[in-house]
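Structure first, commentary second.
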Amino acid sequence: MKFAWKIALLVVALLAFGAARLRFEAKLGGELRDAGLFPPPLEIGTREKIGQTSSAVALGGLRTLVATFLNLRAFTFFTEQRWDDVEGTFETIVDLAPRTRYYWETGSWHMAYNAASYYLNDSKLPPLRRREAWRSSILKGRSFLERGARNNPDDWSIHANLGFLLSDTNKFPAFRDPNETFAAAADAYRKSVETGRALGYVRRAWFYALARVEGREAEALEIARGLYADGTHNHTPTLLMLLLVLEAHENPSMDVAQRAIGLFGTPEKAYEALSSHWRRTRERFPVFGVAAGLESLEKTLAIPAEQSVFNEPPPPPMGPDEWFSK
Amino acid sequence: MSTPTSIPMQGSHFSRILTISTHTFTQLVRMKVFYFLAIFAVIAIASNFFELPQHEGPEAVGANVLRSIKSWSLGAMTLFSVVLSIVATALLLPKDVEDRTLYTILAKPVPRFDYLAGKLLGVLLLVFVSLALMDGLMTAVLHIRTGMVVAEQTEMAQAMGWPQDAIASLRADTLAHGPDASLQGAVFAVFLRASIMASLALLISTFSTSTLFTTIVSFLIYFIGHFQADARDVWLQAGQAGEGVFARLASLLLALVLPDFQLFNVIDAVIQGEALPLLALGKLTLVGVYYALFFTFASWFIFADKEF
């Protein structure tokens, strides 16, 4: 047979072979994608950002390796405090390895915590610009984690980290509406718990966030009761205190002092717990019935007026207004 | 007048293929290809030192370094196996022609298919042994490091008063990044991709005139093969984005001719801690065997009556 004929036959066979496998491969690709085993196609923007060589390596099936190298580069940018470069590099990294929890969490940590702290303390900028840069970094960190959560809905840790950020005393002043922020934090924690793999403290954190959402006290109380019934490992001072406060919200005529003694053991311990809660103003926990309970316990324990928690100097206000005043 | 007598073939196809493959394997080993294992050992050990400062509690300790070991090791395995399978296969026929070994073999009653299959198996054996050695080294490093990370995390969690169930859950999370069956599956996927490349390089070398040509074309196909799925999607979703007829036909042609190497990128998911189901690996094996068989038979079809 002539060579040209052979080549022609080979081409026909190649096309027939290709046609036979086309649908199978498409189906298999779909199955692998559905199973989370297949990364989404590399964005053209990402290809441009990582350059020709890395792009070729990434397209050659080594996306995670390129992400590993970029992570090292991002760390160098972090040590040099080049925050825009850190952000840009992590944007590329998560395009390459969108299923890696570490990159989402580290990227948001650099933005919301490291960059934000840098702007908090960097005196080279005028206060107004520092404040805006601080807020912007935190918002970027939030947005980054939210994208991570959308890409990895079954990852308990990313959801939990989003919850931590939104309920962090030093961060939530960056968000405009506290009620919306605590609701979003509670939602993030709930999603983390619903994965079934979250560690025990995430469920408690869910409750702590929900307890601070105005209008959802009944829902929070139900969770608190469930946590309380779950075992003594959940009987943290914050949980017991919030359980008491939410019960007082549900039943305003409740004897808060008696219930506090029931929860904490003795009038002294109850007074100590209520006082601590009263002082935690920065965390914006609800305080239904706390004042009444303290007054009642002060009478029971005969606490002199000068030692009363009500007469303590209020804790210094600590928020962006004070942080960026100079 | 004497009639031509055919020389009877001795032994089975299998034994002939085995003999040629063993010889090819020995021939390639003598080229000192295993020296790269020393480089791999350095990579596997060096990847241990890329532990960056962590930002959180016990759950974040060492999480990155385990992925770093897998990422570096599997990346190196992919590169080594693809380069090895392409270059070794591209060398086979020209070297046998140059050494005149080919004439000696073909003068004997050895079917040309047996010769090609034996050569290919020899390369695949070399790739397999190389990957097995690298896999052993990676698994050992990962096993040791996982143990260290788990111990470190447990100690930190206990110091922070974590309950036992939380420590157990953390341990399970970390062990998912250690050596497991999915990781071995990923190494096998690396082997499958290398096998396709070797058989494709064999096909190209049957009509190529030089080793360099075979190597360059094979590498090009390797990289373009990672876009095959995109071309296929353009064809299968034809018309949705308003593509022209020419674009659709071009995408179909690419999809039909090129292998889909993106399928084997499940390796990335395994590095990220995902489990690779046996069924998925089975289907990938089917794809790999399908390509390898087709390219081998196609090579034989071209090589069968080639004049030397």
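We did not get these values from a lab; they are worked out from the coordinates using the rules stated. If you're wondering where the values come from, they're calculated on a predicted model, not measured in any experiment. Cβ sites come from the backbone with ideal geometry, for glycine too, and all protein chains shown count toward neighbours.
Structure notes:
- Subtracting the Cα-Cα distance of residue B:12 and residue B:30 from 0.36 nm times their residue separation leaves 3.7 nm of extension gain.
- Label positions at residue A:279 and residue A:23, each projected 7 Å from the Cα along the C-beta direction, are separated by 7.3 nm.
- Point-to-point label distance, residue A:176-residue A:214, nm (Cα→Cβ direction, 7 Å offset): 1.6 nm
- Low-density loop positions, trypsin sites (Lys or Arg not before Pro), the stretch A:87-184 - DSSP coil, at most 12 other Cβ in 10 Å: A:124, A:176
- Note on chain B: helix-only mean residue ellipticity at 222 nm, from DSSP H runs of 4+ residues weighted -39500 (n - 2.57) and normalised by residue number, equals -25000 deg cm²/dmol.
- Cβ-based net charge around residue A:112, under 9 Å, with every Lys or Arg adding one and every Asp or Glu removing one: +2
- Charge context of residue B:44, other residues only, Cβ under 11 angstrom, K/R +1, D/E -1: +1
- Exposed GluC sites (Glu not before Pro) absent: longest stretch of chain A, with sites in DSSP loops and at most 15 other Cβ within 10 Å deemed exposed: A:81-213
- Relative contact order (%) - chain B, alpha-carbon pairs under 8 angstrom, separation at least six: 25 percent
- Order of A:63, A:203 under a 10 Å beta carbon neighbour criterion, fewest first: A:203, A:63
- Ranked list, fewest to most other Cβ atoms within 10 Å of each Cβ, for B:85, B:12: B:12, B:85
- For chain A, a Gaussian network of Cα nodes joined below 10 Å ranks A:13, A:112, A:160 by mean-square fluctuation, and the top entry is A:13.
- C-alpha long axis of helix B:63-99 to longest principal axis of chain B, angle in °: 10 degrees
- Contact order, relative form, for the stretch A:211-313: 26 percent (alpha carbon pairs under 8 Å, 6 or more residues apart, mean separation divided by residue count).
- Rel. contact order, % - alpha carbon contacts under 8 angstrom, at least six apart, chain A: 10 percent
- The length gained on full extension between residue B:23 and residue B:212, counted as 0.36 nm times the residue separation minus their Cα-Cα distance, comes to 65.7 nm.
- Förster radius 60 Å - calculated FRET efficiency between residue A:292 and residue A:80 (Cβ-Cβ, nearest 0.05): 0.65
- Span-like helix check, chain A: qualifying full DSSP H segments, with Cα axial length of 30 Å or more and mean Kyte-Doolittle of -0.5 or more, are A:3-34.
- Taking other C-beta atoms within 10 angstrom as a stand-in for reagent exposure, B:70, A:191, A:269, B:32 fall in the order B:32, A:269, A:191, B:70, fewest first.
- Efficiency of FRET between residue A:9 and residue B:184 - r from beta-carbon atoms, R0 41 angstrom, step 0.05: 0.55
- Our estimate of slack between residue A:299 and residue A:325, defined as 0.36 nm per intervening residue step minus the Cα-Cα distance, is 5.2 nm.
- Report summary: the helix-based calculation at 222 nm, which adds -39500 (n - 2.57) for every DSSP H run with n ≥ 4 and divides by the residues of chain A, gives -22000 deg cm²/dmol.
- The label point for residue B:230 and the one for residue A:258, both projected 7 Å from the Cα toward the Cβ, are 7.4 nm apart.
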